[in-house]
Each structure stands twice: as structure tokens, then as C-alpha cells.
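Here's the structure, in C-alpha cells; my notes come after.
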Amino acid sequence: MKQKINIFISSAFSNNSTFVLLLGLCSILATSSTLSSAVGMGLAVMIVLMMTNLIISLLRKIIPAEIRIPVYIIIIASTVTVVDMLMKAFTPELTITLGVYLQLIVVNCIIMARAEVFASKNKPLDSLIDGFGTAFGYLISIIVLSLLREIIGTGSLTFVNPFTNATVFSWTIFDARYAISLMVSNTGAFLILGLLLAAINALSMLISSHKKRRKEALIAKGGQG
Amino acid sequence: MGIVTLIISAMLVSNVVLVRFLGTCPFLGVSKKISNAIGLGLATIFVVFFSSLLSYGLYHLVLKPLGLEFLSLVSFILIIASFVQFVEMFLKKYIPSLYRSLGIYLPLITTNCIVLAIALENIGNNYSLVETIVYSLSVSAGFLLVLILFSVIRERIDSLNRVPQAFKGAAIALIITALMTMAFFGFQGLV
């Protein structure tokens, strides 16, 4: 059980695909302008990643090593086609909002990377957890980015249920007159992601220097004692 | 839409990287040196042109007459992957000098979303054969243009060596890109 939790934490946080590995930025940047589209994209990626990881892990002993990449591509493309068709049927408005980025999940490096690095070498259940963890990290990243963009850019926060197209909540955080509408546009996407990366870098540098100082203090103390 | 309008809108007004976020990975990854940027940009133009022609032909000659439109995503990605592989083998055997200068970028192009996006959009927008050729060439030329501009700025920023520690690498690159998108807003009124 503890090993399973470790797989989840490693794939979701310490190897976060967006902020640590910088993979799959196209869809993160393009669909994070509102919370609703970000959640939709994150969940679509989650379904695709869990399905492909599970299928590839189940077939890992049958797939010949020489042609594994084309086989993975076919599995991923078929899964995305299925998800795309289901979403066209049940969440038509969301599909229009996500546009071509939904089908571009096929070339999202995260999915290929997990197939090659994890699912092709591990048991089905572990691969399913890894897929869930990686996609969870993706979902968290895209939600954080969309929250910042929507709140700073419009001054309010709205969430629309993709199935019924009814507004679930719509909060006004501050007056729209003070909103910086640039943040909803593509400039805001690049700018906020850049600033977030810098903040994460600064935080991790702070933590590592703190750890180093504590270690030195401990050594100094030990030397005196 | 006129051909000139199509070229301007595909290259500048809705630039692939800056406005539509496609190809962000190679844009950030292969822009540290201008020579690499030019190599990747030219290789992308080449692959985009031929793979969109191939997928256009496949869609209109095979998939549509047989009523298999739902297979377009699977077949396009296969076409792109095998075309890239084919080009790599061909260059390695017959034009080794070009292979050496482009070689490392070719496999990267399969995972470049620009290629697949253009193949899908040519079908989605119901472009004719001429429009397909013009559209795929001008979108990838827009990629080359932005990649060169960006790598020039980046070389200069890196040589100045004044970037704060936390902003080094991808963070400052994304912020430069944000400033470039603002400059490209100027083209918005053109079409």
C-alpha cells in the first residue's frame, strides 16, 4: 500500500509534468483561460492517460520491443478518438471550446513518456495509479494556472457544468473595472506560467539552502559536543 | 478567403506559437542557438508540407469515399510518424550532409503538435488542395520566423548573464515569449 502511495506522490508532485518536467505545455497554455475549460481538459487527459497506461501495461509482454513506439501511438490515438467521440456526444459545448487541442492529446509528450517509462515495465494496477497520479498533477497545474488567469483577468470565477451547460457557481471576487484582461489572452498564459515557474524555483532554492544550513548547524553542534 | 489574406493570417495574425500555443515544446527546447533554430524551422516546414499533402490525399481519396472519417486521427498520426521515419532513412542514405545538419531534429518533429494540428485543420476547415498547400507552408513559415526571432533574443539574454537565479532557464524564456505575443498583437487588425 505504501509503495502505491509513493507511486502516486512521485508522479503527481515530485515529478510534476508541467512545473518540473515542462512537458505538454501547449494544451496547458491553450485551455487554461477559464476554469471550466481547464477542468474539462484536465479530466480528458486523466481518462486518456489512465486508459492508455492500463492497456499498454496489460499488453506489455505481447508488444515486440522493436515496434513498440508505433504500437503505443495507435493505442493512444484510438483512445483519444473514443474520448473525443464521447465528449462530442455528451459535452458538445466543451468540445467546441477545447477545439483541436482535444485531439492533440495524441501528441502530448506526457502520455508517450508515461507509456515508455512506466507502463511498459510495470504491473497494470501500478500503471493505473501512475496514470492517475500523473494526470492529477496535470489537473492541479492547469487548475492553478486557470484560477490565476480567470481571477486576475476578469475579477470573477465561473464554473459551468459541461453536461448540462448550467452555471454551477459564479463568484465576483473584485470589480471587473480593476481586472487586467490581458491575463485571459495568450500573453497572460505565457507570463503567468513563467512567473509561477520562477516562484517554484525560488521556493525550492529557499528550501534547499535552509536544509543545507540546518545540516551545517547540526555538524557544527556535533563537532562541539 | 483570398490567398494573400490566408498567408498573412496564418503566418502573423494567428501565429502558431504565440497565438495558438502549438509547438511550444520545441520552441522552448531548441531555441538556445540561432543555427539550431534555423535547422529545426526548415525541417518543420519540410515535414509539415509533405505530411499535410499526404493526409489530405488519404482523407479525400480513401477515408471519405469509404465513410471512415472517424479514423482520420489514427491514420494521420501514423502517416506523420512513418513519413518522418522515411525521411530520416532517405537522408541518411542519400544526402548524408543534410542528414547530419537536420538529423537530430527530425525525430523531434513527430511529437511536434504543429504537424498534426495542420493536418487536422486542413480537413476541418474544408480547404481545397491549393489552400492546403498555402496554409501549411505559411503556418510553418510563421513558426520559423518566431523561432529565429526568439533564439536571437535568447542568445543575447544568456550572454548578458544578468538574469536572477530563480528566473533562469524556462521561466525567463516564457516571459520573453509573453512580451513577444504583445508585439504580435499589433498584427491583429491586419485581417
### Task
Count charges around B:L58 for me, please; just the other residues with Cβ under 12 Å from its Cβ, Lys/Arg as +1, Asp/Glu as -1.
0
#### Entry: Dimensionless Rg ratio for the protein assembly as shown, taking C-alpha atoms and the 2.2 N^0.38 Å reference
1.03
### Message
Quick test of the membrane-span-like rule: which DSSP H helices of chain A reach at least 18 Å along their long axis (C-alpha atoms) with mean Kyte hydropathy at least 0.0?
### Response
A:35-58, A:68-90, A:124-154, A:186-224
## Note on the structure
Note to self: C-alpha centroids of segment A:82-111 and segment B:20-34 sit apart, in Å, by 24
### Violating pairs (Cα-Cα greater than 20 angstrom) within the set A:K2/A:K211; A:K2/A:K123; B:K33/B:K168; A:K61/A:K121; A:K4/A:K121; A:K212/B:K32
A:K2/A:K211; A:K212/B:K32
### Query
With each pseudo-label sitting 7 Å past Cα toward Cβ, what's the B:K168-A:F169 distance in nm, one decimal?
4.1
### Query
What's the FRET efficiency of A:M205 with B:L61 using the Cβ-Cβ distance as r and R₀ = 60 Å, to the nearest 0.05?
0.60
#### Entry: Structure-based [θ]222 nm, chain B - -39500 (n - 2.57) summed over DSSP H runs of at least 4, per residue, nearest 500
-22500 deg cm²/dmol
### Task
Taking the dipole about the Cα centre of the protein assembly as shown, with the C-beta of Lys and Arg at +1 and of Asp and Glu at -1, give me whichever of A:M85, B:A178, A:L35 is farthest to the positive side.
B:A178
### Normalised convex hull volume, segment A:82-141, alpha-carbon set, Å³ per residue
102
## Note on the structure
Kirkwood Rh for segment A:49-148 from C-alpha pairs, in Å, is 14.3
### Query
Using mean Cβ contacts within 10 Å as the protection proxy, how do A:170-177, A:126-133, A:10-17 order, highest first?
A:126-133, A:10-17, A:170-177
### Task
With N denoting the number of residues in chain A, provide Rg(C-alpha) divided by 2.2 N^0.38 Å, to two decimal places.
1.19
### Query
Which whole number gives the average count of other chain Cβ atoms within 10 Å of the Cβ atoms across peptide A:101-110?
5
### Query
Just counting partner chain Cβ atoms within 10 Å, what average do the residues of peptide A:21-29 show around their Cβ?
5
### Task
Sort chain B into rounded, prolate or oblate with this rule: let a ≥ b ≥ c be the square roots of the eigenvalues of the Cα gyration tensor; rounded if a/c is under 1.5, and if a/c is not under 1.5, prolate when a/b is larger than b/c, oblate otherwise.
oblate
### Message
What does the C-alpha gyration tensor say about the overall shape of segment B:80-152? Classify as rounded when a/c is under 1.5, otherwise prolate if a/b is larger than b/c, or oblate.
### Response
oblate
#### Entry: When segment B:134-191 is reduced to its Cα atoms, the Kirkwood hydrodynamic radius in Å
13.0
### Query
Any idea what log10 I(q)/I(0) is at q = 0.17, 0.21 Å⁻¹ for segment B:17-76, Debye with uniform C-alpha scatterers and no solvent?
-0.71, -0.85
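No value in this document is a laboratory result; all are computed from the given coordinates. Note that the structure is predicted; figures quoted are calculated from it, not measured. Heads up, the Cβs are rebuilt from the backbone with ideal geometry, glycines too, and the neighbour counts pull from every protein chain shown.
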